[in-house]
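Here is the structure we will look at, set down as structure tokens.
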Amino acid sequence: MSNQPIQFIDLAAQQAKIRDKVDAGIARVLDHGQYIMGPEVKEFEQQLSDFTGATHAFGCANGTDALAVVLMAWEVGPGDAVFVPSFTYVASAEVVAMLGATPFFVDVDEATFNIDADSFAKAIGDATEQGLAPSVVVPVDLFGQPANVPEIQRIAEKHGIKILVDAAQSFGATLHNKRVGTWGHASTTSFFPAKPLGCYGDGGAIFTDDDDLAAVINSIRLHGKGSQKYDNVRIGMNSRLDTIQAAILKEKLAIFPGEVEARDRVAARYAEGLKGVARTPKLMDGATSVWAQYTLIVENRDNIQAHCKEAGVPTVVYYPMALSQQTGYKHFPSVSGGTPVSDALSGKVLSLPMHPYLGEAEQDRVIDAVAGALKG
Ligand SMILES: Cc1ncc(COP(=O)(O)O)c(C=O)c1O
């Protein structure tokens, strides 16, 4: 029993809990047959809006499109600098480059893994000197903890820079008692299966309180439609959330608050068990996390990974290379002085198994494996 491999993320345990309801939800879609923009999409969007407190919530095809749709709504393109942390998943910068704008890499804060406000402030001056128009900043809520958007906002406001929060990993988290989805001018999330709220395929959502922006976002995700379906008033894309995925997500959202609490209990137990042994993640004052990842900072990562593997404890490195160092991205500008924190983190981060169904005995095995490797 104790040698059974531990799941890094256990989607099967979650499915077993809600399988009947998911089956029934899918069956309802098969019965009514409205696979595209069926009633479940609207129902789920309303639930998203109620849950987050955002005035508008739109389902879309994935978290990458969600970012692209907002940037398209703001007409971001060549000549625009979009500030993106160097320590993030590629999608945060990919959409910027895809639209012909310039991803401008800034560094992160080692304590939170999120965008560093001083580095952002410095990058605004750098971009201007390079003849770029500072247009948008994309704070990323890495590993499930909200970025310090109020601090970013104070700087962005002075320069008329819009804020697009990439909340792909943090749906369900809060900052100063406000849910993710209500921060920035707009925010986006992902329902990729392994995300805290995941579907059984690709899915994403966009949130905003701005009515005018909402109307444009809705149009862009539907091929730039105008008041009628075959009246296309702008360039858009095909980025709808499938009805079947919405039906699945409705059932998952129903159990999500309990799952977030369970994730928090696992995180608290890891923190307690690894106190004085490893550098465990820190939350900012006023922030909660949904622990999309539980990420340590370690010095001898290879040893620890090998030791954990032997003990049947999977570990993953998110992310092994900062974006500004990657082949497809290193020609884009970075803040003057570079992104040393992002570069160093990529060599030191190690994520542990994290999901709401991780039992205490399994948590102890994880703690023992990490502690054993660090002490041994
Ligand atoms: C930070 C971040 N941004 C964007 C995305 C893109 O989401 P998706 O995979 O749904 O396109 C992801 C997840 O994969 C992510 O982790």
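The values are calculated or read from the model by the stated rules, or taken from the named source; none is laboratory data. None of these values were measured; they are calculated from a predicted model. Here Cβ is always computed from backbone atoms with ideal geometry, including for glycine, and neighbour counts include all displayed protein chains. Calculation scope for accessible area: heavy atoms of the full protein, side chains included, ligands and nucleic acids excluded. Shrake-Rupley method; radii C 1.70, N 1.55, O 1.52, S 1.80 Å.
Please enumerate the residues belonging to the range 152-203 that are charged (D, E, K, R) and farther than 15 Å from Ala91 by Cβ. Can you show your working first?
Initial filter on the range 152-203 (charged (D, E, K, R)): 154, 157-158, 162, 166, 178-179, 195, 202.
If the condition is that a residue be charged (D, E, K, R) and farther than 15 Å from Ala91 by Cβ, then Arg154, Glu157, Lys158, Lys162, Lys178, Arg179 are the ones that fit.
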The one condition in (1) within 18 Å of Glu251 (Cβ to Cβ); (2) open to solvent by 10 Å² or more (accessible area, probe 1.4 Å) that Ala61 fails to fulfil: (1)
Looking at (1) buried (at least 22 other Cβ atoms within 10 Å of the Cβ); (2) at pLDDT below 95, can you tell me which one Ala81 breaks? (2)
Quick one: is Tyr89 of a type outside the set (Asp, Glu), open to solvent by 40 Å² or more (accessible area, probe 1.4 Å) and within 13 Å of the ligand (Cβ to nearest atom)? yes
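Could you list all residues from the range 335-360 that are over 21 Å from Ala111 (Cβ atoms) and either outside the structural domain of Val290 (by TED's automatic domain parsing) or touching a residue at least 24 places away in the same chain (Cβ under 8 Å) (or both)?
The initial filter retains those residues of the range 335-360 that are over 21 Å from Ala111 (Cβ atoms), namely 336, 353, 355-360.
The answer is Ser336, Pro353, His355, Pro356, Tyr357, Leu358, Glu360.
Filter the range 298-313 for residues that are under 17 Å from Glu362 (Cβ atoms) and not acidic (Asp, Glu) and give the result.
Our first condition is that a residue be under 17 Å from Glu362 (Cβ atoms); within the range 298-313, this holds for 307-313.
Result: His307, Cys308, Lys309, Ala311, Gly312, Val313.
Provide a single number: the residues in the range 206-216 that are under 15 Å from Ile163 (Cβ atoms) and in a helix (DSSP H, G or I). I'd like the intermediate steps shown before the answer.
Filtering the range 206-216 for residues under 15 Å from Ile163 (Cβ atoms) gives 206-210, 213.
From what is left, the residues that are in a helix (DSSP H, G or I) are 213.
Summing the residues that are under 15 Å from Ile163 (Cβ atoms) and in a helix (DSSP H, G or I) in the range 206-216 gives 1.
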Looking at Asp231, Asp209, can you tell me which residue is modelled with pLDDT of 95 or more, surrounded by fewer than 21 Cβ atoms within 10 Å (Cβ to Cβ) and more than 15 Å from the ligand (Cβ to nearest atom)? Asp209
Being more than 17 Å from Asp141 (Cβ to Cβ) and crowded, with 23+ Cβ neighbours inside 10 Å is the filter; apply it to the range 104-118 and report the residue that is nearest to the chain's Cα centre (by Cα). Phe105
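Okay, residues lined up against (1) over 25 Å from Phe256 (Cα atoms); (2) not assigned by TED's automatic domain parsing to the domain that holds Lys178:
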site: Gln7; (1), (2): no, yes
site: Asp50; (1), (2): no, no
site: Val70; (1), (2): yes, no
site: Ala73; (1), (2): yes, no
site: Asp80; (1), (2): yes, no
site: Met98; (1), (2): yes, no
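Say whether the condition of being of a type in the set (Asp, Glu), more than 15 Å from the ligand (Cβ to nearest atom), at positive phi and not in a strand (DSSP E or B) is met by at least one residue in the range 97-107. Full working, then the answer.
Kept after step one, since they are of a type in the set (Asp, Glu), are these residues of the range 97-107: 107.
Of the ones still in play, those that are also more than 15 Å from the ligand (Cβ to nearest atom) are 107.
Adding the requirement that they be at positive phi leaves none.
Checked the range 97-107: no residue is of a type in the set (Asp, Glu), more than 15 Å from the ligand (Cβ to nearest atom), at positive phi and not in a strand (DSSP E or B).
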Across the range 230-269, the tally of residues that are under 23 Å from Leu67 (Cα atoms) and free of Cβ contacts under 8 Å to residues at least 24 places away in the same chain stands at 3
